[in-house]
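**Student:** Take this structure first; my questions come after.
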Number of protein chains: 2
Amino acid sequence: MPLEVLREPVTPVGLHYLLIHYDIPAVDPDAWRLTVDGLVEHPLELGLAELRARERAEVVSTMECAGNGRARLDPRPISQPWLLEAVGTGRWAGVQLRDVLADADVRPEGIEVLFTALDRGVEGGEEQWFQRSLPLDVALSEDVLLAYELNGGPLPPQHGFPLRLLVPGWYGMTNVKWLSRITVIDEPFTGYQQARGYRMRLDPDEPGEALQRILPRALLIPPGIPEFMTRERTLPVGPTTLAGRAWSGHAPVAGVEVSVDGGETWAEAELDPPDLGRWAWRGFTYTWAPSVPGAHVLCARARDEAGNVQPDVPAWNVGGYANNAIQRVSVTVTS
Amino acid sequence: MPLEVLREPVTPVGLHYLLIHYDIPAVDPDAWRLTVDGLVEHPLELGLAELRARERAEVVSTMECAGNGRARLDPRPISQPWLLEAVGTGRWAGVQLRDVLADADVRPEGIEVLFTALDRGVEGGEEQWFQRSLPLDVALSEDVLLAYELNGGPLPPQHGFPLRLLVPGWYGMTNVKWLSRITVIDEPFTGYQQARGYRMRLDPDEPGEALQRILPRALLIPPGIPEFMTRERTLPVGPTTLAGRAWSGHAPVAGVEVSVDGGETWAEAELDPPDLGRWAWRGFTYTWAPSVPGAHVLCARARDEAGNVQPDVPAWNVGGYANNAIQRVSVTVTS
């Protein structure tokens, strides 16, 4: 998502970030079925029309790739070289997962819910369907959806048509696309994407900690105009409103500070009202009036109500995950 | 556009390639006006509603970036490192440019039409609005549109909302997005994007030849499944249908050949009917039945009715443009 698109409260289709592990599967919506099985009393097979006939739930949710910020780590881990654009906010609609699980009637021994997708590939030497699991208590939370709609239209192919999981506040890989099967299991899932991928490790040989909730981040809309190759930016002397958006999967955003001198000094930004609900990013603004030409480094720093604050410098790790170090936007003010 | 999306005759919104020189401009559709001026008897100011009230024209058109294939050149010119994905096909609708120019009544001395966009940036040391021109005779051709619609919906921001130029068969940069002004001029436009950018040069100091029409290309949908990091592909022994799409901006596609041995031997593919019209890519299929495991390099080669054929090896040039060397897809057939 080009960062100027932060001006949009809900990201238009085609500008939301995408991470596609294998190929986008071709799905015939008439033939497609969702299987709900495993440790349930009543296994289910649901078509798209049956899902759409159920009670509709909607949530506006900011989704971020666990690898956002990877390209700023040194040495740079090999994988998608995201700078800061791997984020977006969608108006997702579908059914509550817990409603479907209630119909299936989870047995007492169930502790996790496994989601199997239709995209197939090879990773870490293993041929696999993309699979991820959730602890049962998370799967049963109110805002976890099986989404068939984005921004008022059918789910686009690249976002998981016909059905995807949506777990607000958790990193992108949690939100399994192209769902085919939901299976209740009685032990922690140890497949590739859970036990090998998406873990915080300082050494490739340690098991590491699973990535879950999104760390806080604030991003500024880069002001002025860009240079094509370098993307360096210039803007004229005079008052300008710096604006951006901030989010955290751990707790609501408590505040955002802005610096116009590369982090030497900070001032509190004004937060927009939280109109889009708990799981959407929160807008902020800050008025800046550079009076003389010169170079500036603009920064924004978010903190959440759980006390999490963005760090000044990245925390390197093997996979290049969860680098939420503060953004630095270089701008030249011209006369 | 991920190449598996070649299966779609019209590329879904969000999967069509994008090349955005500067920032995506924010446009208020109610305040926006298109100015038509320069060497015309009746300068015009048109709003979106006025444009929509005019006779509607539609064309399905394949658009390709002039830099598609750049990453395969050696040494690699510095700019967008496209492999082969910078292509897409849209169902564009709007008004014929020539209808609007007829109302403005072009004066006899007009020889080119200059298109000015709302995206502003710095390139080659020059601060500029994105601008490109067309020879008057091209601007007056039947299928050149001022498009306000893509795939049945309003033009998305990233595709030029509220209005873009569409010149079927010409490389992507011709199709100026976020139009604000159309100006008839009496000498060739010499702005950056015409006289410095988008020219075929073997030496940076020569003026070079302007890029115009899209060279022929065929692309296969890579069969089988991918490895996440390497994108290398495997598929099982047995019959499989290789499919893809081919296009040329110079003349209709005359045929496509397929090779399953890296270009040693070739066989004619079957062309789908040209249902989407002259300016859309043409589907093709070829049945392949590898009977033993092993490595293969699949290729496709398009030719057009003007006698243009894809070359085996890339033709290097300073800007890294128009590399239409044949695609090579490495696959491993497994037992």
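**Student:** Just give me the residues in the range A:236-279 being among the β-branched types (Val, Ile, Thr) and surrounded by fewer than 18 Cβ atoms within 10 Å (Cβ to Cβ), in sequence order.
**Tutor:** Pass one, the range A:236-279, residues among the β-branched types (Val, Ile, Thr): A:237, A:240-241, A:253, A:256, A:258, A:260, A:265.
Matches in the range A:236-279: A:Val237, A:Thr240, A:Thr241, A:Thr265.
**Student:** State the number of residues belonging to the range A:34-55 that are in a helix (DSSP H, G or I) and under 18 Å from A:Ala117 (Cβ atoms). If you could, list the steps in order and put the result at the bottom.
**Tutor:** Going through the range A:34-55, the residues in a helix (DSSP H, G or I) turn out to be A:48-53.
Those left that are additionally under 18 Å from A:Ala117 (Cβ atoms): A:48, A:51.
Summing the residues that are in a helix (DSSP H, G or I) and under 18 Å from A:Ala117 (Cβ atoms) in the range A:34-55 gives 2.
**Student:** In the range A:133-173, which residues are charged (D, E, K, R) and either more than 27 Å from B:Pro12 (Cα to Cα) or surrounded by fewer than 20 Cβ atoms within 10 Å (Cβ to Cβ) (or both)?
**Tutor:** Pass one, the range A:133-173, residues charged (D, E, K, R): A:137, A:142-143, A:149, A:164.
Correct list: A:Asp137, A:Glu142, A:Asp143, A:Glu149.
**Student:** Exactly one of these conditions fails for A:Asp28: (1) more than 14 Å from chain B (Cβ to nearest Cβ); (2) without any contact (Cβ under 8 Å) to a residue 60 or more places away in the chain; (3) part of a loop (DSSP other than H, G, I, E, B). Give me its number.
**Tutor:** Tallying (1) more than 14 Å from chain B (Cβ to nearest Cβ); (2) without any contact (Cβ under 8 Å) to a residue 60 or more places away in the chain; (3) part of a loop (DSSP other than H, G, I, E, B), A:Asp28 fails exactly one: (1).
**Student:** Next question, about the same structure. Search the range A:225-273 for residues being farther than 24 Å from A:Pro2 by Cα and within 26 Å of the chain's Cα centre (by Cα), and hand back the single one that is nearest to the other protein chains (Cβ to nearest Cβ).
**Tutor:** Out of the qualifying residues, it is A:Glu268.
**Student:** Taking B:Pro222, is it of a type outside the set (A, V, I, L, M, F, W, C), over 20 Å from B:Thr89 (Cβ atoms), within 14 Å of chain A (Cβ to nearest Cβ) and crowded, with 21+ Cβ neighbours inside 10 Å? First the steps, then the outcome.
**Tutor:** Details: of a type outside the set (A, V, I, L, M, F, W, C): yes; over 20 Å from B:Thr89 (Cβ atoms): no; within 14 Å of chain A (Cβ to nearest Cβ): yes; crowded, with 21+ Cβ neighbours inside 10 Å: yes.
The answer is no for B:Pro222.
**Student:** Restricting to the range A:196-209, give me the number of residues that are more than 14 Å from chain B (Cβ to nearest Cβ) and in contact (Cβ under 8 Å) with a residue 60 or more places away in the chain. It would help to see each step written out before you state the result.
**Tutor:** From the range A:196-209, those more than 14 Å from chain B (Cβ to nearest Cβ) are A:199-209; that's our starting set.
Then drop every residue that is not in contact (Cβ under 8 Å) with a residue 60 or more places away in the chain, which leaves A:199-204, A:208.
Within the range A:196-209, residues that are more than 14 Å from chain B (Cβ to nearest Cβ) and in contact (Cβ under 8 Å) with a residue 60 or more places away in the chain number 7.
**Student:** For the structure I just gave you, tell me whether A:Glu4 is surrounded by 18 or more Cβ atoms within 10 Å (Cβ to Cβ), under 24 Å from the mean Cα position of the chain (by Cα) and within 14 Å of chain B (Cβ to nearest Cβ).
**Tutor:** On the way: surrounded by 18 or more Cβ atoms within 10 Å (Cβ to Cβ): yes; under 24 Å from the mean Cα position of the chain (by Cα): yes; within 14 Å of chain B (Cβ to nearest Cβ): yes.
Criteria met by A:Glu4.
**Student:** Restricted to the range A:83-104, and to residues that are part of a loop (DSSP other than H, G, I, E, B) and within 21 Å of A:Leu150 (Cβ to Cβ), which residue is farthest from the other protein chains (Cβ to nearest Cβ)?
**Tutor:** First pass over the range A:83-104, keeping only residues part of a loop (DSSP other than H, G, I, E, B): A:83-86.
If we keep only those that are within 21 Å of A:Leu150 (Cβ to Cβ) too, we end up with A:85-86.
Working: A:Glu85: 12, A:Ala86: 15 Å.
My answer is A:Ala86.
**Student:** Among the residues of the range A:106-128 satisfying the criterion of being among the charged types (D, E, K, R) and within 14 Å of chain B (Cβ to nearest Cβ), which is surrounded by the fewest Cβ atoms within 10 Å (Cβ to Cβ)?
**Tutor:** Applying the first criterion (among the charged types (D, E, K, R)) to the range A:106-128 yields A:107, A:109, A:112, A:119-120, A:123, A:126-127.
Pick out the ones that are also within 14 Å of chain B (Cβ to nearest Cβ) and you get A:119-120, A:123, A:126-127.
Working: A:Asp119: 20, A:Arg120: 17, A:Glu123: 18, A:Glu126: 11, A:Glu127: 13.
That would be A:Glu126.
**Student:** Also, I was wondering about something else. Identify, from the list B:Gln131, B:Gln193, B:Gln212, the residue that is more than 14 Å from chain A (Cβ to nearest Cβ) and in contact (Cβ under 8 Å) with a residue 24 or more places away in the chain.
**Tutor:** On inspection, the qualifying residue turns out to be B:Gln212.
**Student:** Looking at the range A:280-303, which of its residues are crowded, with 21+ Cβ neighbours inside 10 Å and either of a type outside the set (Ser, Thr, Tyr) or under 26 Å from A:Pro168 (Cα atoms) (or both)? Step through it out loud before you land on a result.
**Tutor:** Within the range A:280-303, the first condition is being crowded, with 21+ Cβ neighbours inside 10 Å, and the residues that meet it are A:280-284, A:286, A:298-302.
Across the range A:280-303, the qualifying residues are A:Ala280, A:Trp281, A:Arg282, A:Gly283, A:Phe284, A:Leu298, A:Cys299, A:Ala300, A:Arg301, A:Ala302.
Read the figures in this text as sums done on the coordinates, not as results from a lab. Being a predicted model, the structure only gives us computed values, none of them experimental. In this analysis, Cβ positions are derived from the backbone assuming ideal geometry, glycine residues included, and neighbour counts consider all displayed protein chains.
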